[in-house]
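A quick write-up on the structure given underneath.
We did not get these values from a lab; they are worked out from the coordinates using the rules stated. Bear in mind the structure is a predicted one, so any value in this text is a computation, not a measurement. Positions of Cβ are generated from backbone atoms using ideal geometry, with glycine treated the same way; all protein chains shown enter the neighbour counts.
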Amino acid sequence: MTEIATILQEMNSVLQHVPDGEIGKAATALQTHERIFVCGEGRSGLMGKSFAMRLMHLGATVYAVGETITPSLAAGDLFVAVSGSGTTASVVMPARKARDLRCTVLAVTADPASELAAIADLVVQVPAATKYRRQEEAKTVQPLGSLFDQCAHVLFDAICLRYASARNVRHEEAYGRHSNV
């Protein structure tokens, strides 16, 4: 089996366990909040930033936490926190702050019993391997948290499809928001 086939097989084995209802709940949360903030660290953070970028293309008011132009959180905002382990301090601490500010917290994590999940109002579990290789995590031949990050990226695209459909955002409209400089 080629490396690509192995990766796709691993991703499929994880993503088939993400309930469609969780994708729907996440898309609804995006629609019902005026501002969205996305937070993650490392590769998971990059997956979060790609999610934020696509949401911007779809017309959302969205920010990546940690960027110099990101405004302050306010009550009623949606805070999307991405951490495979659900224990990454640079994600958990801002999620806790968001919760204290009366924001809705959506956690995307492999561990529904994690500290991050406990803070969250909504949890989307991506039951993939993380760098910790805990016994309950899916097995993988890939290094570190690659499987979680790949699956998170596909999950975010699925959420974006649901969001775009609900808001009736066409390709041409999204393309009009794509960077041109």
| query | From Ile4, Ile23, Ile36, which residue is over 16 Å from Ala129 (Cβ atoms) and surrounded by fewer than 14 Cβ atoms within 10 Å (Cβ to Cβ)? | reply | Ile4
| query | When you scan segment 84-181 for helices (runs of 4 or more DSSP H) that lie fully inside it, which ones turn up with 2 or more residues that are aliphatic (A, V, I, L, M) and either buried (at least 17 other Cβ atoms within 10 Å of the Cβ) or in contact (Cβ under 8 Å) with a residue 60 or more places away in the chain (or both)? | reply | 89-100, 115-119, 146-167
| remark: Checked against (1) more than 16 Å from Asp149 (Cβ to Cβ); (2) over 12 Å from the mean Cα position of the chain (by Cα); (3) not in a loop (DSSP other than H, G, I, E, B), Ile7 satisfies every condition except (1)
| message | Which count do you get for residues in segment 74-83 that are over 16 Å from Ala152 (Cβ atoms) and either surrounded by fewer than 21 Cβ atoms within 10 Å (Cβ to Cβ) or hydroxyl-bearing (Ser, Thr, Tyr) (or both)? | response | 3
| request: Of the conditions (1) in a strand (DSSP E or B); (2) closer than 22 Å to Gly176 by Cβ; (3) touching a Cys at 6+ places or on another chain (Cβ under 8 Å), Phe37 clears all except one; give me its number. | output: (2)
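Every residue, every condition in (1) hydroxyl-bearing (Ser, Thr, Tyr); (2) out of contact with any Asp or Glu (no Cβ under 6 Å at 6 or more places or on another chain); (3) at negative phi, yes or no:
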site	(1), (2), (3)
Ser83	yes, yes, yes
Val92	no, no, yes
Leu106	no, yes, yes
Glu137	no, yes, yes
| So Ala29, is it in contact (Cβ under 8 Å) with a residue 12 or more places away in the chain and buried (at least 23 other Cβ atoms within 10 Å of the Cβ) | no
